Amino acid sequence: DASTVLEGLVDREARSLMNVVFSAGSPAADTRFLALCQQAGVVGLRGHRSVGGLRASLYNAQPEAAVDRLLEVIDAFEAETSG
């Protein structure tokens with residue numbers, strides 16, 4: 001929610017704590033974000049085929065380091081997009 005570039009796709013009241021669904025604003029921007037993620041070793045973020053967008057799954061087996069890495073990629077994407 002704090003991002004200036006990424007936007008949540010699910011109403012706050014209906015959000016899952018385990019699956020964060022978001023978009024970079026367009027299919028082209030989502031593709032650019034996914035490419036940056038791929039370069040950083042962050043994979044598996046493509047959203048569901050019927051909904052599109054992006055989805056980060058944060059299940060118990062996901063190490064905190066992976067979440068931290070995703071946040072680093074988000075920061076880099078915001079800097080690239082905003083600047």
Trypsin sites (Lys or Arg not before Pro) within segment 1-77, DSSP loop, no more than 12 other Cβ atoms inside 10 Å: ARG49
Could you grab the relative contact order for the chain? Cα pairs under 8 Å, six or more apart, rounded to a whole percent. 30 percent
With a 10 Å cut-off between alpha carbons and a GNM built on the chain, which of VAL43, VAL67, VAL51 moves the most? VAL51
What residues have an amide H closer than 5 Å to that of ARG46, excluding those fewer than 5 places away on the same chain, when H is modeled at 1.01 Å from N in the peptide plane? ARG55
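Can I get the semi-axes of the chain's equivalent ellipsoid? Compute them from the C-alpha gyration tensor as square roots of 5 times the eigenvalues, in angstrom, largest first. Let's see the in-between values first.
Details: eigenvalues 63, 52, 32 Å².
With the √(5λ) rule applied to the chain, the semi-axes are 18, 16, 13 Å.
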Quick query: amide H of ASN19 versus all other amide H atoms, modeled in the peptide plane; which residues come in under 5 Å with a sequence gap of 5 or more or a different chain? LEU58
Computed, not fitted: 222 nm per-residue ellipticity of the chain from DSSP H runs ≥ 4 (each -39500 (n - 2.57)), nearest 500, equal to -13000 deg cm²/dmol
Using a Gaussian network model on the chain with a 10 Å cutoff between Cα atoms, which of GLU64, GLU72, GLU13 fluctuates the most? GLU13
Going 7 Å from the Cα of GLU80 along its beta-carbon direction, which residues of segment 48-68 have the amide nitrogen within less than 17 Å of the resulting point? 54-55
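Laboratory data are not the source of any read-out in this text; all were calculated from the coordinates shown. Computed from a prediction, not measured in an experiment: that's the story for all the values here. Quick reminder, even Gly has a Cβ in these numbers, built from the backbone with ideal geometry, and neighbours come from all protein chains shown.
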